[in-house]
Structures are given as C-alpha cells and as structure tokens.
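Where a number appears in this text, it was derived from the coordinates with a stated rule and is not lab data. Model, not experiment: these values are computed from the prediction. Reconstructed Cβ throughout: ideal geometry from the backbone, glycine too, with neighbour counts over all protein chains shown.
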Amino acid sequence: MSRLCGRLVPSLFRATTAHLHTTPSCSVNITFIEKGIERHVKAIRGDSIMETAKDNHINLPSVCGGMCECSTCHVIADQATFDKLEEPEEEELDVLDAVDGVTETSRLACQVDVTRGIEGARFIVPDSFSDMR
Ligand code: FES
C-alpha cells in the first residue's frame, strides 16, 4: 500500500473501506457552502472531504485525484471546524502556500479525512480554483 502526502492513495483506500459504505452509523453530517448556498450532506467515515464532495456533486475539480499536487480541492473551513481537524502534513502546507485566496483555515479537501470528530463540519468552496502543478 502506498502513501502520498501522509494519506493512503484514495483509490486503494476506498477499496479497503468499501464495507463501511453500507453502515449508516458510519456517516457524519457536514456542510459545504458553495456560492453562498449551504449543502448539507452525509459523509462516510474513512472517505476524504474531497471524495465526499465528489459523491455529492460539489464543484471541487480535484484535478490530481487526491495526490496533493494540484490545489484544486482547496476549501476553507470555518474556525470551529478547523480546530477539530488533524494538523496538515508539510506537503499540504507547501501546496497551500501557492494558492490564491488561501486563508488561515484553508485545507486541501483530499488531505482531510472524515472522522466522527468532525461532525457538523463546515467548508466553504471557493468560487475559483488554481492548479498549482
Ligand atoms: S485533489 Fe489535487 S491537491 Fe487535492
């Protein structure tokens, strides 16, 4: 199993956690705010925020597919959410450094795991994205 940017490669990770998708108690409520509109979704523990966005048709291009290379999965967490998240890895911070519109609570959605601890998390989806590759 390979790791990139401190995470398992998403496709491999999803394959090993496929059984979790059938258990409702494994879901966490999160909100995406896209163009000012709140979208409340159920996120599956073990998925990333990027995968959750894609599964729910949120506009996060995620061009590199979760490899921590492109920055097109940039989201802005509200402060309460940001405080609940695991610390970002150095690779994520390096990518975020080059992103237009980055904030103190910016994260790459592909590097944030859905865990029970982020119940109620809120993420703003920027109106535009830049691919930093
Ligand atoms: S999908 Fe490319 S950095 Fe997250």
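Dipole magnitude for the stretch 59-131: computed about the Cα centre from +1 point charges on Lys and Arg Cβ and -1 point charges on Asp and Glu Cβ, it is near 420 debye. Using a simple spin-label model with pseudo-atoms 7 Å out from Cα toward Cβ, residue 127 and residue 80 lie 2.6 nm apart.
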